[in-house]
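Below is one structure; the comments refer to it alone.
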Amino acid sequence: MTIFFHELKQGKKATFITSLASCVLMLLIMSVQPKVQNQMKMVEKLVAGLGPLAQAFAMDKLDMGELLNYYSLEAGNTMLLIGCAFSCVMGISMLSKEEGRHTAEFLFPHPISRLSVILQKWLALIVQLLVFVIIYSIGAYTSFIMLKQPYDINLFLKIQLSLFILFVCVGSICFSISAFISHEATGVGVGIALTLYVMNLLINLDVGKDIFKYITPIYFTEPAKIVTKGAFDMYFAKYYGLITITSLLLGTLRYATKDLRI
Amino acid sequence: MDTAISTENLTKRYGRARGIENVSLEVLPGQIFGFIGPNGAGKSTFIRTLLGLIRPSSGNISVLGNTIPMKSRSVLKQIGYMPSEASYYRGMRALDVFRMSSRLRKKDCERESWVLSDRLGLDPTRQVADLSFGNQKKVAIVAAMQHKPKLLILDEPTSGLDPLVQRAFWDILLERNRQGATIFISSHVLSEVQQHCSHAAIIREGHILVSDSVSRLGENTARRITLRGINELTQDIINFPGVLKVDIHTSESSVLYQGDMHDLLAKINHLPYSDIIITEPSLEEIFLHVYERGE
């Protein structure tokens, strides 16, 4: 597990900085919640005035006066975007950075199979995403305690779990893309995250829904949808599970047989 | 195991671009084998194919009795590889590089890494990124040698090293060779290949031009004939069949000649030279001569 621990060590600064920065942002958002709750009539008017924008962010579907609704719409959405970008950026460079930084010529002359390198690096990615979600969830839970308002903890855990599933899904797809490229592609990672996010906004606006729902996994993991429906859409959970596994298999096949560019 | 490295018609193409073409080479166990060629000749492609970093387009490779790339992993346990320009992970000390390499090999090499660092004058507690190019080379040398491999593959190992460190490096290398290690070394420095290697091969534009013992490479090629006391040569000598190269200086003239020595001596006998010196050309001259003629 040398590469697994090496990757965790290499990525720990990025993981902790992103997690803590997201946590601070989320706490700031949550600190406004009591004011929103006290001025609900004005907020409702404001949301109604937003029109399609409110629809895009699913603000028209939930009452923001409720703690968990507010969290899913504001903090959950922020976490979704930051986490998505973090997952994509970490995933897209995980394999390709060895070639991009020319360390492949150090690593691969060692007696280690490429399959093992792929597995250890993927596991390291998943652990980093888990750490991100755990730190963020602890922050969110702390804010709930401080706000002293009733909420359904099972639903909260479902939101956090759905976000973790989303990050694993997009992180793994980007990890697989990483096998096909030979340079670091942070910009591509951010681009993929933003594209998936925008597609989901369009779905909420009923634009291209029938196509985009099969492209962006945010569709079935969006916090507002989890709160509204109370559960995952299992059809799409299975569909994106299959997409993730297929992409990982393709990425593995490519990386195991490719000529390393050094 | 009859050979340490054996390739048969090994070809690697990058789309339409040439890599190496029908390279057949044999390196016997215990040899110090020099691999000579200019930049872009295919040296690194050949080495990376041996290590399984890239896959051959066609041909066969056997390293330490194992077929590559099928049995790369078991072979790599017994190989030490030093790239021409090594890159390491950010924030690592030389010591961390050695430890990571040891862990990947599942072998405790801590003591040997300190011994080698000491002999090469490397402080392994320093960050690799802060080291000079020469010291980074030392890191690569230690990483390649600390597990005492049976086969050392070294790509331009001495470039960037000062003469004292080069000497320490060759002392270690020769020691390892005496202990039974086979050494495959690619180099531009022909004098060191001539001095230390028992066999050598010359590669040009992806093709092996010649592969033989270093002594035979010297024997079988041209001679340099230096005529002291004359600073011009007649056209019939310059154009004489077998004369490969003519050098005219203030106090002497010389020709690089490949052919029957009697014929040339008969031709130059009438010239008013004060002394005549016939020498074996250096490997450098052989190297350049072979390239110029493209043989």
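No lab work stands behind these numbers, since they all come straight from the coordinates. Bear in mind the structure is a predicted one, so any value in this text is a computation, not a measurement. Positions of Cβ are generated from backbone atoms using ideal geometry, with glycine treated the same way; all protein chains shown enter the neighbour counts.
What's the Kirkwood radius of region A:138-249 in Å, using all Cα pairs? Could you put the intermediate results ahead of the total?
On the way: mean 1/r = 0.0646 Å⁻¹.
Mean inverse Cα-Cα distance, inverted, gives 15.5 Å.
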Determine the percent antiparallel among the DSSP beta bridges restricted to the protein assembly as shown, to the nearest 5.
70
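What does the convex hull of the Cα atoms come to per residue for region A:34-167, in Å³?
Values: hull volume 17.9 nm³, N = 134.
Per-residue hull volume (Cα only) is 134 Å³.
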Once you have the Cα-Cα distance between residue B:239 and residue B:279, take 0.36 nm times their residue separation minus that, and quote the gain in nm to one decimal.
12.3 nm
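So what's the net charge close to residue B:277: Lys and Arg +1, Asp and Glu -1, counting the other residues with Cβ under 15 Å from its Cβ?
Working: positive: B:223, B:224, B:228; negative: B:247, B:252, B:275, B:280, B:285.
Surrounding charge for residue B:277 is -2.
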Region B:135-262, Cα convex hull volume normalised per residue, Å³:
168
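What does the average come to when, for each residue of peptide A:94-103, you count the partner chain Cβ atoms lying within 10 Å of its Cβ?
On the way: counts 0, 0, 0, 1, 2, 0, 0, 4, 5, 5.
The mean count of partner-chain Cβ atoms within 10 Å per residue comes to 2.
Looking at region A:206-254, which chymotrypsin sites (Phe, Trp or Tyr not before Pro) are DSSP coil and have at most 16 other C-beta atoms within 10 Å of their C-beta?
Working: sites: A:212, A:214, A:219, A:220, A:232, A:235, A:236, A:239, A:240; in loops: A:214, A:232.
For chymotrypsin sites (Phe, Trp or Tyr not before Pro) across region A:206-254 that sit outside H, G, I, E and B with at most 16 neighbouring Cβ atoms in 10 Å, the list reads A:214.
Over the whole of A:5-14, what's the average partner chain Cβ count within 10 Å per residue? Rounded to a whole number, please.
Working: counts 2, 6, 1, 0, 4, 4, 0, 0, 1, 0.
Mean partner shielding for this stretch: 2.
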Between residue B:270 and residue B:148, the two model label points (7 Å from Cα along the beta-carbon direction) sit apart by a distance in nm of 6.9
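Evaluate the relative contact order of chain B (contact order divided by residue number), counting alpha-carbon pairs under 8 angstrom at least 6 apart; express in whole percent. Don't jump to the answer; show the numbers that get you there.
Working: 538 pairs, mean separation 58.3, N = 295.
Taking the mean separation of contacting Cα pairs over the length of chain B, I get 20 percent.
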By what distance, in whole Å, do the Cα atoms of chain A stretch along each of the three principal axes, largest value first?
66, 39, 28
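Mind scanning B:12/B:150; A:121/A:238; A:13/A:35 and naming the pairs with a C-alpha gap bigger than 32 Å?
Numbers: B:12/B:150 26 Å; A:121/A:238 24 Å; A:13/A:35 35 Å.
From B:12/B:150; A:121/A:238; A:13/A:35, over 32 Å: A:13/A:35.
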According to a simple spin-label model (label point 7 Å from Cα along Cα-to-Cβ), what is the distance in nm between residue A:210 and residue A:14?
3.9
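Where in chain A are the helices, taken as whole DSSP H runs, whose Cα atoms extend 20 angstrom or more along the long axis and whose Kyte-Doolittle mean reaches at least 1.0? List each step's numbers first, then the result.
Values: long enough: A:2-31 (42 Å, 0.94); A:76-94 (26 Å, 1.53); A:114-147 (49 Å, 1.74); A:153-178 (37 Å, 1.98); A:186-204 (28 Å, 1.56); A:234-257 (35 Å, 0.76).
Length and hydropathy pass: A:76-94, A:114-147, A:153-178, A:186-204.
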How many angstrom lie between the C-alpha centres of region B:1-78 and region A:1-24?
39
P(r) for the protein assembly as shown, please, calculated from all Cα pair distances in 10 Å bins and given in %.
3, 15, 19, 17, 13, 12, 9, 5, 3, 2, 1, 0
Inverse mean reciprocal Cα-Cα distance (Kirkwood Rh) of region B:1-108, Å
15.4
Rounded to the nearest Å, what's the spacing between the alpha carbon centres of region A:137-157 and region B:133-152? Just the number, please.
55
Placing one equal point scatterer on each C-alpha of region B:120-193 and summing with Debye, one gets log10 I(q)/I(0) at q = 0.15 Å⁻¹ equal to -0.50
For region A:134-262, size of Cβ-based charge dipole, Lys and Arg +1, Asp and Glu -1, in debye
140
Proximal aspartates and glutamates to residue B:148, defined as alpha-carbon separation beneath 17 angstrom and excluding residues fewer than eight positions away on the same chain
B:108, B:110, B:112, B:118, B:171, B:175
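Are there GluC sites (Glu not before Pro) in region B:32-117 that DSSP puts in a loop and that have at most 16 other Cβ atoms within 10 Å, and which ones? Let's see the in-between values first.
Details: sites: B:85, B:110, B:112; in loops: B:85.
The qualifying sites are B:85.
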Cα centroids of region B:80-97 and region B:155-196: how far apart, whole angstrom?
19
How are the C-alpha pair distances of chain B spread across 10 Å bins, as whole percents from the shortest bin up?
6, 25, 28, 21, 12, 7, 2, 0
